[in-house]
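Worksheet: the structure to be examined is printed underneath.
The values are calculated or read from the model by the stated rules, or taken from the named source; none is laboratory data. Treat the numbers as computed from the prediction; the structure is a model and nothing was measured. Note that each Cβ is placed from the backbone with ideal geometry, even for glycine, and that neighbours are counted across all protein chains shown. Each accessible area value is taken on the protein alone, full model and side chains, heavy atoms only, with ligands, DNA and RNA left out. Shrake-Rupley method; radii C 1.70, N 1.55, O 1.52, S 1.80 Å.
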Amino acid sequence: MIQYLQNNSDTVLAALRQHLYLALVPVLLGFVIALPVGYLGVRFPWLYHPLVNTCGVLYSIPSLALFVFLPVVLGTKILSPLNIVVALTIYTVALLARTVADGLRSVDKLVNEAATAMGYRRLRRLVDVELPVALPVILAGLRVATVANISLVSVGALIGIGGLGQLFTRGFQLFYVEPIVVGIVLSVLLAGVADLVIVLVQRAVTPWARA
Amino acid sequence: MITFEDVVKIYPGGGTAVDHLSMELPTGKMTVLVGPSGCGKTTSLRMINRMVEPTSGRVLIDGQDVSGQDEALLRRGIGYVIQHAGLFPHRTVLDNVATVPMLLGRTRRQARAASLELLERVGLPAEFAKRYPAQLSGGQQQRVGVARALAADPPVMLMDEPFSAVDPVVRSQLHAEFLRLQQDLGKTIAMVTHDIDEAIKLGDYVAILRQGGVLAQFGTPQELLDHPADDFVASFVGRDRGLRSLSFDAAASVPVSPPGDDLVTDEAGRPVAWRTPSGERPIGGTFTKDDSLRVITDLAIMSPVGIAVRVGADGVCDGIVRHHDLVDYLIARRS
């Protein structure tokens, strides 16, 4: 194992770097898109159920199918990493838009009412009161989305781009177990570290939630 | 002064919440809106800061129609306290109180300094400043709610059932503190409650509303107790009206006579006990000039010899009221 890592450190590191990139860029993009989308589901209550249903349907599309289907829609090459990024962004939005909506809906009605009565305008109330209060729920969703993305990236290896997933495909092709083990261990570690980082951030930014 | 001019609120779907309401809430006084559920009291309150818009009619603060003013700016100038306080869970007590000053553009430092003073004023020690609302009891949260409403020193305050979520002991404590605070501050306050006893205890004026948002009577608590406008008000104000009305008559007006042999005092002249045929009995209680007629009546009833004892500030007896003298006084008072 050590031997394998020493001989292939460049390949493994490149795979790790690509894995991180393919998993986390969609998390960021998805989060940025999910915030306004989720907010719309709260601002216009009739939108909430269509939103939840659409998210459910989107999330149920098999990832491999999406990876293969996207180049047709986007006009990208089948080997473009953009396909993975777009696909995972869609999954992230599907997960987080609902979480954002649920988080905002979880804000106590009295708290919103008090904020309005104090003289908050709508946008500032959202930024200063609603989002911060919804943050524990939203960050819980972000943890799920991040870990899910890290595991989904590997599937991309089946169409040629998949970060650590490429170590699996290579191992299977060569009947060689080392890269498979290294790939699994690193994926799990990566997911664990990313989860931990979000938990620590959450603790730092929502000290009141533990009060 | 807050003025309701022929205000009507009809909700889509047909329910009339407020029906041609006209009244004036005087400046510097506390007016309590009270009535059964569905009487439109909360709706009326919320029309003052435009949380609800009237269907017709006008609401004015100091002669200015609120509907012509920017909602957010109007609200920053009106304190607001609600049931369960509605504090922001993600902000410390201090930053909750500093909310409106911050909205008004003061620096964080100024806002916090002013808020710290206010916390003390509502009876919360400084160490509460850094806590979060979830770490406070209901009564403490309500105090923070009051401090938050007062933070920008608004001339007008709205209170929606502010004391109904706390237990009776804490409630009467908050009542006493709030009355003391209001005596210092002299805000123009509109408060909503469903509890007529609370209304009579706290209000300088009480507006009783009936189902469908009709004003049944507006007046001082004593006017409502002594001269209810109709059967609805009489039954809403409740039993023991006569006795409760005595709370509003000062003891100072009741003539006293010199104490007799049945009162035992110490060397300084402070009352100690009653001398009765069956031996000495404890004094029970005394009243001062600042107490009410109700206190005297109560003392006279409870005393084994039918006498209420008045004392001065030094605790020395300066006169007594006998049972039958009190009855004579009450009869004379009625005419």
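So the values come out like this:
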quantity: Degrees, to the nearest 10: A:63-74 long Cα axis against longest axis of chain A; calculated: 80
quantity: In range of the label at A:Val197: residues from region A:1-22 whose backbone nitrogen is under 11 Å from the point 7 Å along Cα→Cβ; calculated: A:20-21
quantity: Expected 222 nm ellipticity per residue - DSSP helices of 4 or more, -39500 (n - 2.57), all of chain A, to 500; calculated: -26500 deg cm²/dmol
quantity: Mean ellipticity per residue at 222 nm, deg cm²/dmol - from DSSP H runs of n ≥ 4 across chain B, formula -39500 (n - 2.57); calculated: -9500 deg cm²/dmol
quantity: For region B:68-82, residues shielded by at least 30 square angstrom of accessible area compared with the chain on its own, probe 1.4 Å; calculated: B:Ala72, B:Arg75, B:Arg76, B:Tyr80, B:Ile82
quantity: Cα-based helix-to-principal-axis angle, A:109-118 vs chain A, degrees rounded to 10; calculated: 60
quantity: Normalised contact order of chain B, rounded percent, pairs of Cα under 8 Å and 6 or more residues apart; calculated: 17
quantity: Rounded to the nearest 20 debye, dipole of region B:1-160 from Cβ charges on Lys, Arg, Asp, Glu; calculated: 740
quantity: Extension gain, B:Met302 back to B:Ala234 (0.36 nm per residue minus Cα-Cα distance, nm); calculated: 21.7 nm
quantity: Rounded to the nearest 20 debye, dipole of chain B from Cβ charges on Lys, Arg, Asp, Glu; calculated: 1140
quantity: Within chain A, longest stretch free of exposed chymotrypsin sites (Phe, Trp or Tyr not before Pro) [DSSP loop, at most 16 other beta carbons within 10 Å]; calculated: A:1-174
quantity: Å² of accessible area per residue within the protein assembly as shown, as computed with a 1.4 Å probe and no ligands counted; calculated: 47
quantity: Point-to-point label distance, B:Asp70-A:Ile33, nm (Cα→Cβ direction, 7 Å offset); calculated: 3.7
quantity: Surrounding net charge for B:Val237, when Lys and Arg each add one and Asp and Glu each subtract one, Cβ distance under 14 Å; calculated: -3
quantity: For B:Ala216, residues with placed amide H under 5 Å, excluding near neighbours; calculated: B:Ile208, B:Leu209, B:Arg210
quantity: Separation in nanometres of the label points that stand 7 Å from Cα toward Cβ, at A:Ser80 and A:Lys109; calculated: 4.8
quantity: Accessible surface of region B:251-334, 1.4 Å probe, proportion on carbon and sulfur as whole %; calculated: 53
quantity: Gap separating the Cα centres of region B:253-283 and region B:70-99, nearest whole Å; calculated: 54
quantity: Neighbour count of at most 14 Cβ within 10 Å plus DSSP loop: longest trypsin sites (Lys or Arg not before Pro)-free window in chain B; calculated: B:1-129
quantity: Interface A:B - total buried accessible surface [probe 1.4 Å, Å², rounded to 100]; calculated: 2000
quantity: Shape of region B:251-334, Cα gyration tensor, a/c cut at 1.5; calculated: oblate
